[in-house]
Structures are given as structure tokens and as C-alpha cells.
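> If you scroll down you'll find the structure; I have some questions about it.
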Amino acid sequence: MPYYRRDGRLIHHVEIPKTGTKSIEALLISHGWKKDLLLLDKMKSKNPGLGNLGNHAHYDLYGQLNVEPEFEFTTVRHPVSRWISTIYFLRSQWSKGLGGIPDQVPDPNDIMPHHFITFMHSVFTRLIPEKGIHVEHNMYLQQFRFIGEKTKVFKIESGGFDSLLESLRSSDIIAEKSLLPKINASVDGNFDKKSPDWNYAPQVSQYFCDFYKKDFEMFDYEMPEFKGKK
């Protein structure tokens, strides 16, 4: 969610999990922007039943604040690559005894293409039904649900980060020659990331596509192909 203040100015970075948010946060802080913790506390006080979503608040929450920042933006990502990044990130959390994911893979090299599908099945049939759609700090929430009418959206593929940096520079939010730091919380070693085997369980793959259908459509991403796809 975080709102940032500097010299009487207010901007809003709508943080969607696994879309480069840590790198953007580091960039803003390095330019003297500080999170408005009072607004964060106000949002939490209005929604005590949803737990601590922290930075990853969706529109239904931060929209209640009725705040008008001078610049509001977010980054989005292809639903499949976001899912892959999520699994590798949460694997590192499991190894620390954190998180509520029912299936654990202790070593990133042990993650195989079919594991992505079995993981989907566990999330959609066990984790979300038991703990709700906002489980794991909105890690699985569809991206469109974070975005308001005034949110400027940057797709991180195809030069999206470059476009974001240009907008931040032109608005005097960052310095002219600033670069985006690369902070990747999904990896803690050198290994080759795998991709899902969409044909392993087509019915699960179809559920994934249906669940994230609006993300695929709204942000113009291509859905994966698999046997029996509707």
C-alpha cells in the first residue's frame, strides 16, 4: 500500500506482491521518501478483521482512506511468472518455518514442473478455502483487485521498469539519472528456475486460468496452452 511523503508531497506506491516492489521501495527511500505510517495505522484500524496485510493492501482497503496523492502507481506481472516467483519465494519462507503453505519443497533444485501444478491444487482447494483469499499477505490475490481508477499501471515486461523510471523522473520523484536497484527476495542461491507442466493436471491448469482470467485480459497477457483448455 505504502504512501510516501517528502517535503510536503504525497505519493502512493500500490504494492502488488512479486512485482519488483522491494526494488521500488529501495529506490524511493534512497531519494528521501518516507512511508506514512499514520495512514497505514489508520487503514489497519478500519479493517481489524483482515489481519496485518502490511504493504500489500488491496484497493478495497486503501480506498477507504480517501487520500489524494499527487502520483499513484503500481507494477503488474504476467500471472504465470508471478506464480513461479511466488513459489520460489515461499519455499525460502518454509525453510525458515514461516508461512501457511501446506506443501513444502526444501531445496529449489528439487522443484520440478509438476510441482507448480500440485502447489496450485493445494492453494485453491485447501489453503484459500481454509484461510481466505487474503492469506499470505495477499500473495495470491488477483492483481486487478489492487488497482484504483487513478492508479498508473506499468507492466514489468517489455521495458515497463524503464517507463516507470521515466515517469518518476519527470515528476521529480527521483533524480534524473537514477537506476532501479535489483533486489530479488525469491532467490537465495544459484539455480535454474523451472516452468509449470500445464498438462500434468489440465483441470487444475484451467482453474488457474479462470481464477486469474481478468488479470490476463486487463493487462493483455497470453494464457498458457494445455490439453483440453476451454
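The values are calculated or read from the model by the stated rules, or taken from the named source; none is laboratory data. None of the values given here were measured: they were computed from a predicted structure. Please note: Cβ atoms are built from the backbone with ideal geometry, for glycine as well, and neighbour counts cover all protein chains shown. The accessibility values were calculated without ligands, DNA or RNA, using every heavy atom of the protein model including side chains. Shrake-Rupley method; radii C 1.70, N 1.55, O 1.52, S 1.80 Å.
> Sorted by packing (mean other beta-carbon atoms within 10 Å per residue), highest first, where do 170-179, 9-18, 69-78 land?
Going from most to least packed, we get 9-18, 69-78, 170-179.
> Moving to a separate point now. What number, rounded to the nearest 500 deg cm²/dmol, is the helix-based mean residue ellipticity at 222 nm of the chain, given -39500 (n - 2.57) per DSSP H run of at least four residues and division by all its residues?
-10000 deg cm²/dmol
> Something else about it: On a straight-distance basis, which lysines could pair with Lys193 in a cross-link, Cα separation under 19 angstrom, same-chain partners fewer than 8 positions away excluded?
Qualifying lysines at Cα under 19 Å: Lys18, Lys182.
> Tally the DSSP beta bridges in the chain and give the antiparallel ones as a percent, rounded to 5.
Expressed as a percentage, antiparallel bridges in the chain total about 45.
> Here is a follow-up. Counting Lys and Arg as +1 and Asp and Glu as -1, each charge on the Cβ, what is the dipole of the chain about the Cα centre in debye, to the nearest 20?
Dipole about the Cα centre, nearest 20: 320 debye.
> Here is a follow-up. Full extension from Arg126 to Lys214: what is 0.36 nm times the residue separation minus their Cα-Cα distance, to one decimal in nm? Before the final figure, lay out each step's value.
Values: separation 88, 0.36 × 88 = 31.68 nm, distance 2.26 nm.
Fully extending the segment from Arg126 to Lys214 adds 29.4 nm.
> Which of Val123, Val80, Val67 moves the most in a Gaussian network model of the chain with Cα springs under 10 Å?
It is Val67.
> Got a sec to turn the phi values of the stretch 153-170 into Karplus ³J(HN,Hα) couplings, 6.51 cos²θ - 1.76 cosθ + 1.60 with θ = phi - 60°, whole Hz, x for Gly and Pro?
9, 10, 7, 6, 7, 6, x, x, 5, 4, 5, 4, 4, 5, 5, 5, 5, 5
> Now for a separate question. Round to a whole number: what % of the accessible area of the chain belongs to carbon and sulfur, probe 1.4 Å? Write down the numbers at each step before the final one.
Working: 5750 of 11540 Å².
Answer for the chain: carbon and sulfur cover 50 percent of the accessible area.
> Right, another one. At R0 = 30 Å, how high is the FRET efficiency between Asp172 and Thr151 if r is their beta carbon distance? Nearest 0.05 is fine.
0.90
> Over the stretch 109-230, average the accessible area per residue using a 1.4 Å probe and give it in Å², no decimals.
In whole numbers, the stretch 109-230 has 58 Å² accessible per residue.
> Which ³J(HN,Hα) values, rounded to whole Hz and listed in residue order, are derived for the stretch 75-85 from phi using the Karplus coefficients 6.51, -1.76 and 1.60 in 6.51 cos²θ - 1.76 cosθ + 1.60 with θ = phi - 60°, glycine and proline given as x?
10, 10, 8, 3, x, 6, 5, 5, 5, 4, 4
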